[in-house]
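The values are calculated or read from the model by the stated rules, or taken from the named source; none is laboratory data. This one's a predicted model, so the numbers in the text were calculated from it and none came from an experiment. Neighbour counts are summed over all protein chains in view; Cβ atoms, including those assigned to glycine, are modelled from backbone coordinates with ideal geometry. Accessible surface areas use protein heavy atoms only, side chains included; no ligands, DNA or RNA. Shrake-Rupley method; radii C 1.70, N 1.55, O 1.52, S 1.80 Å.
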Amino acid sequence: MSTATEQSKVDALVSRAQALYEDVSFESVRRWKGQSECRKAIGFLPIYAPREVIHAAGALPVGILGGGDQLEIVRGDSFFQSYICHLPRSVVEMAVSGRLDAMDGFLFPSICDVIRNLSGMFQMLLAGKYVHYLDLPQNFDSELGGEFYRTELHAIADAVGALTGTRVTDSRLRGSIALYNQNRRAIQELLQLRTEQPWLVPTTEYYLLLRAGYLLPVDQHTALIDEYLQAVPHAGRRPLDNIRVLIRGAFCEQPPLALLRTLERAGCYVVDDDFVLGSRFIPRQLDETGDPWTALVEGFTRHSVSTASKYDEANTKGEDLVSLVRAVRADGVLLMAPSFCDPALLDQPMLQSALDKAGIPFTSFKYSEDTGQFQVIREQAGTFADAIKLWGKA
Amino acid sequence: MTAQAIKDQSQERQKQMLSDYFDSLAHAKENGRKVVYTFVPGNLTELIANFDLLPVLPEINALQNGMRGRTGDFIHAAEKSGHSEDVCTYVKADIGMLKAGNMGPTGQPLPKPDMLLLSYTGCFTFLKWFELLRKEYADCPVVMLHVPYQGDGHVTPQMRKYVADQIRDKVIPALEKLSGRKFDPDKLKRDLKRSSVAEDDLVWVLESARHKPSPIDAYFGGVYYIGPIFTAFRGTQDAVDYYQLLRSEIEERIRLGLGPVTPEGNLGEEKYRIVTEGPPNWTSFREFWRMFYSEGAVVVASTYTKVGGLYDRGFRHDPANPIETLADYCMGCYTNLSLPERINLIESYMNEYQADGLLINSVKSCNSFSAGQLLILREIEKRTGKPGGFIESDLVDPRYFSAANIKNRLESYFQMIEARRGRA
Ligand code: SF4
Ligand code: SF4
């Protein structure tokens with residue numbers, strides 16, 4: 001195995017992921033559906049939707065994360081005031097321009113008022129399609145929020161099953177959980193490698209690999225990551241004198257790829273983040289043998305990660321962040337939030353005060369999915385990295 | 001008795017109720033009363049009263065402070081301490097007030113919370129707001145009541161059960177523990193009965209705007225009318241009496257053929273009948289109001305006056321099902337309705353109140369209201385054929401009230417209504 005061969009394998013995998021990333025018209029989903037009359041696709045918005053249920057109903061779950069900097073907004077802006085974040089503009093653009101025609105239905109998880117109201121807008125703009133607001137519980141008691149969530153899961157299974165003609169039986173759902181467990185395993189390995197040897201896994205590659213999982217059938221995505229994990233350690237990549245940063249706040253509207261590249265060029269290895277968070281919302285393996293609905297309910301209520309739109313019942317989010325910073329040996333934290341993103345920006349003061357108390361350096365900035373100017377961010381991240389390199393603090 | 005004298009009575013009564021309430025807050029600690037902070041939409045006032053606890057409503061403090069011109073400094077202070085300029089200004093006004101010593105709108109001190117009752121209805125910011133306050137108050141206990149959203153346009157039995165179970169299994173035990181008192185179901189039923197009596201009168205008052213001319217302004221006047229029932233007084237005899245008095249005033253105005261009361265006396269000719277969507281601006285409330293009444297514009301129905309309950313569509317607190325009725329109340333507040341249902345409601349207001357148009361005041365703070373309003377506007381125009389108007393401001397951030405701009409827009413809007421009439 002030569003270094004060059006392995007590098008070219010990596011390049012091929014990454015360019016496949018990049019092509020998917022650039023596919024803002026969901027051609028890959030159309031192709032997948034084209035293979036059989038009865039194939040259906042269900043789009044879901046950030047952050048988390050139980051993809052296992054959609055899969056078990058025989059449909060393809062497709063993550064809709066906005067158009068990034070690749071979509072010209074022609075009509076989307078006319079639906080939103082200037083003080084609303086960018087993601088809903090590009091999502092509406094996709095809807096009214098027919099780019100989302102490949103979807104047979106949509107799930108809008110409960111993460112903020114914008115996504116919530118967007119669900120109602122979709123009910124009107126795409127009348128006749130299945131559009132469901134997925135009310136994820138904020139009460140995590142298995143008898144209360146858990147039971148409520150179970151009814152949500154069944155409602156989704158019934159609705160998607162009615163579209164595909166496939167009933168979600170317990171055994172089908174167990175099978176889907178097993179497939180997604182494989183995917184969770186692969187993603188965790190990718191995360192771990194990136195945390196341990198960030199020079200092997202540049203942020204843009206890592207990001208593209210995660211994004212691919214929002215379009216590909218799950219088994220293909222798992223294979224993609226596995227192949228990457230096999231090839232990349234032998235691709236001859238060398239460490240640079242970068243600092244290690246942890247990123248929070250990017251769980252919904254996604255930063256453009258060029259912004260991630262800018263951070264790396266400014267001297268930051270990203271060793272932990274919340275990009276494409278739905279793909280690893282439940283980091284651990286779910287039970288494949290018992291009641292599959294309970295496995296999904298417990299996965300969400302007991303084992304899902306902490307994020308701004310989820311109620312911090314234990315009141316430990318600050319300390320948890322500090323512990324995580326230490327666990328991944330981050331030198332500092334970048335609090336980067338989409339402009340006008342209520343959950344991320346309202347969360348920030350709490351995270352900042354925990355970091356302050358623990359003496360962990362941080363810096364914060366805002367972005368939007370179509371940010372095109374990176375000069376300021378490059379300088380800010382560069383100064384942050386330099387200060388940490390020189391003095392160990394920002 | 002003249003209409004003016006009756007009006008004075010009802011206003012005075014409300015003023016007195018509020019002043020007694022803020023007094024009781026100022027002396028809560030010395031009187032051994034415990035304090036529960038909670039939000040207006042989905043508030044469980046009767047239940048809090050069941051344990052002799054005092055409710056504090058942070059939105060009310062923020063808006064009252066806004067009307068008194070205090071919020072600009074509070075918001076500035078909060079932003080200086082790390083709060084983003086992009087987020088809801090109610091939160092920042094509240095945090096700023098706290099940092100400035102927690103003197104409430106009447107200049108009296110506000111007591112610290114003994115509990116934050118997070119009735120999570122119709123807005124995600126509430127969750128973050130109380131997470132933030134919890135930190136400010138040394139990890140004060142929070143009780144979460146997750147109220148599901150009417151995403152599919154209705155309340156399902158599962159949703160009702162989820163909320164009712166949380167009230168029974170989480171909220172009531174927490175209130176019992178805090179107060180050291182047992183839950184008294186009979187008292188709850190008695191209070192809920194009183195709530196429904198007051199709600200009947202409130203609805204009568206709101207619906208009086210169907211008359212021509214309307215005897216009330218359902219937005220600028222409406223925010224006063226909803227005051228007692230949306231806040232600490234629901235379920236009390238005070239509220240029952242207040243609404244009876246208010247109703248008798250309005251009956252008298254109708255008898256005399258009078259239009260709404262404005263800060264400058266009775267409105268003259270009613271020229272435009274408007275439905276509004278969105279909260280008002282509080283920092284320039286009087287000025288904003290004047291822009292309407294000086295043009296002869298009367299708001300005949302508003303969605304904002306439904307944020308604390310959609311009583312005019314039939315909901316009443318039902319003493320026969322005390323816990324389920326509280327659950328239904330929480331889920332039925334306006335901002336908990338799906339966007340299509342909000343549009344249906346506005347359309348029915350346009351027709352029932354024979355309105356000339358819909359005016360949206362889009363406030364920067366509030367995505368719960370604002371996201372989707374442009375679609376609402378277009379859809380209502382399409383369905384009713386009546387012109388829509390759109391202005392932008394904020395709740396309590398004076399930086400976002402551009403008087404000249406808003407006045408211009410309103411004047412053109414009223415002219416547009418006139419022009420359409422000419423064509424009709
Ligand atoms: S970016 Fe933030 S505010 Fe915008 S839709 Fe996403 S979570 Fe909501
Ligand atoms: S976002 Fe709107 S509903 Fe929520 S707290 Fe602010 S003003 Fe109230």
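Remarks
- Checking segment B:56-79 against the condition returns no match, with no residue being closer than 30 Å to B:Lys187 by Cα and surrounded by fewer than 18 Cβ atoms within 10 Å (Cβ to Cβ).
- Condition check for B:Ala403: in the same structural domain as B:Arg342 (by TED's automatic domain parsing) and either more than 16 Å from ligand 1 (Cβ to nearest atom) or surrounded by fewer than 19 Cβ atoms within 10 Å (Cβ to Cβ) (or both): yes
- Within segment A:306-323, tally of residues that are away from chain B (no Cβ under 13 Å) and either surrounded by fewer than 16 Cβ atoms within 10 Å (Cβ to Cβ) or out of contact with any Leu (no Cβ under 9 Å at 6 or more places or on another chain) (or both): 2
- Against the test of being open to solvent by less than 10 Å² (accessible area, probe 1.4 Å), over 15 Å from A:Ile42 (Cβ atoms) and out of contact with any helix residue (DSSP H, G or I) (no Cβ under 6 Å at 6 or more places or on another chain), the options A:Leu87, A:Leu107 yield a single qualifying residue, A:Leu87.
- Test: residue in segment A:67-80 that is within 14 Å of ligand 1 (Cβ to nearest atom), of a type outside the set (Phe, Trp, Tyr), part of a loop (DSSP other than H, G, I, E, B) and away from every other protein chain (no Cβ under 13 Å): yes
- Single residue of B:Leu192, B:Leu178 found to be more than 16 Å from ligand 1 (Cβ to nearest atom) and over 20 Å from B:Gly332 (Cα atoms): B:Leu178
- Looking across A:Ala157, A:Ala231, A:Ala250, A:Ala186, one residue alone is in a loop (DSSP other than H, G, I, E, B) and open to solvent by less than 20 Å² (accessible area, probe 1.4 Å). It is A:Ala250.
- Subset of segment B:96-124 that is among the polar types (S, T, N, Q), surrounded by fewer than 22 Cβ atoms within 10 Å (Cβ to Cβ) and in contact with a helix residue (DSSP H, G or I) (Cβ under 7 Å, 6 or more places away or on another chain) - its residue that is farthest from B:Val40 (Cα to Cα): B:Gln108
- Considering residues of segment B:292-326 that are within 16 Å of ligand 2 (Cβ to nearest atom) and not aromatic (Phe, Trp, Tyr) only, the residue nearest to B:Thr231 (Cα to Cα): B:Gly308
- When every residue of segment B:211-230 is checked against the conditions, none turns out to be part of a helix (DSSP H, G or I), in contact with an Asp or Glu (Cβ under 6 Å, 6 or more places away or on another chain) and crowded, with 22+ Cβ neighbours inside 10 Å.
- Test: residue in segment B:202-221 that is more than 26 Å from B:Leu256 (Cβ to Cβ), of a type in the set (Gly, Ala, Ser) and modelled with pLDDT of 95 or more: no
- Taking the listed residues A:Ala314, A:Ala327, A:Ala308, the one that is at negative phi, over 23 Å from the mean Cα position of the chain (by Cα) and among the aliphatic types (A, V, I, L, M) is A:Ala314, with no other qualifying.
To keep it simple, each residue is scored yes or no on (1) aliphatic (A, V, I, L, M); (2) not in a loop (DSSP other than H, G, I, E, B).
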site: B:Leu192; (1), (2): yes, yes
site: B:Ser196; (1), (2): no, yes
site: B:Trp204; (1), (2): no, yes
site: B:Ala239; (1), (2): yes, yes
site: B:Leu245; (1), (2): yes, yes
site: B:Arg253; (1), (2): no, yes
site: B:Leu258; (1), (2): yes, no
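- Test: residue in segment A:94-101 that is open to solvent by less than 10 Å² (accessible area, probe 1.4 Å), in a loop (DSSP other than H, G, I, E, B) and either more than 16 Å from ligand 1 (Cβ to nearest atom) or touching a residue at least 24 places away in the same chain (Cβ under 8 Å) (or both): yes
- Wholly enclosed strands (runs of 3 or more DSSP E) of segment B:49-168 bearing at least 2 residues in contact (Cβ under 8 Å) with a residue 60 or more places away in the chain and more than 9 Å from every other protein chain (Cβ to nearest Cβ): B:54-56, B:115-120
- Criterion applied to A:Ile388, A:Ile360 was being away from ligand 1 (no atom under 16 Å from the Cβ), open to solvent by less than 30 Å² (accessible area, probe 1.4 Å), of a type outside the set (Gly, Ala, Ser) and free of Cβ contacts under 8 Å to residues at least 60 places away in the same chain, and the one residue passing it is A:Ile360.
- Scanning segment A:126-154 for residues that are more than 9 Å from chain B (Cβ to nearest Cβ) and hydroxyl-bearing (Ser, Thr, Tyr) yields a total of 3.
- Given (1) in the same structural domain as A:Val325 (by TED's automatic domain parsing); (2) within 25 Å of A:Pro338 (Cβ to Cβ); (3) crowded, with 19+ Cβ neighbours inside 10 Å, number of the condition A:Leu296 does not satisfy: (2)
- Residues in segment A:334-356 that are farther than 21 Å from B:Leu133 by Cβ, more than 16 Å from ligand 2 (Cβ to nearest atom) and in contact with an Asp or Glu (Cβ under 7 Å, 6 or more places away or on another chain): A:Pro338, A:Ser339.
- Within segment B:49-59, the presence of at least one residue that is within 28 Å of A:Ser339 (Cα to Cα) and out of contact with any Asp or Glu (no Cβ under 6 Å at 6 or more places or on another chain) is confirmed.
- Hey, B:Ala93 buried (at least 24 other Cβ atoms within 10 Å of the Cβ), under 16 Å from B:Leu18 (Cα atoms), within 13 Å of ligand 2 (Cβ to nearest atom) and of a type in the set (A, V, I, L, M) or not: no
- Elements of type helices (runs of 4 or more DSSP H) contained in segment B:327-407, each with 2 or more residues being away from chain A (no Cβ under 12 Å) and aliphatic (A, V, I, L, M): B:339-352
To keep it simple, each residue is scored yes or no on (1) away from ligand 1 (no atom under 16 Å from the Cβ); (2) in contact with a helix residue (DSSP H, G or I) (Cβ under 9 Å, 6 or more places away or on another chain); (3) assigned by TED's automatic domain parsing to the domain that holds A:Ser364; (4) touching a residue at least 12 places away in the same chain (Cβ under 8 Å).
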| position | (1), (2), (3), (4) |
| --- | --- |
| A:Glu313 | yes, no, yes, yes |
| A:Leu321 | yes, yes, yes, yes |
| A:Arg329 | yes, yes, yes, yes |
| A:Leu346 | no, yes, yes, yes |
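- Put simply, of A:Ala387, A:Ala330 the only residue that is out of contact with any strand residue (DSSP E or B) (no Cβ under 6 Å at 6 or more places or on another chain) and away from ligand 2 (no atom under 16 Å from the Cβ) is A:Ala387.
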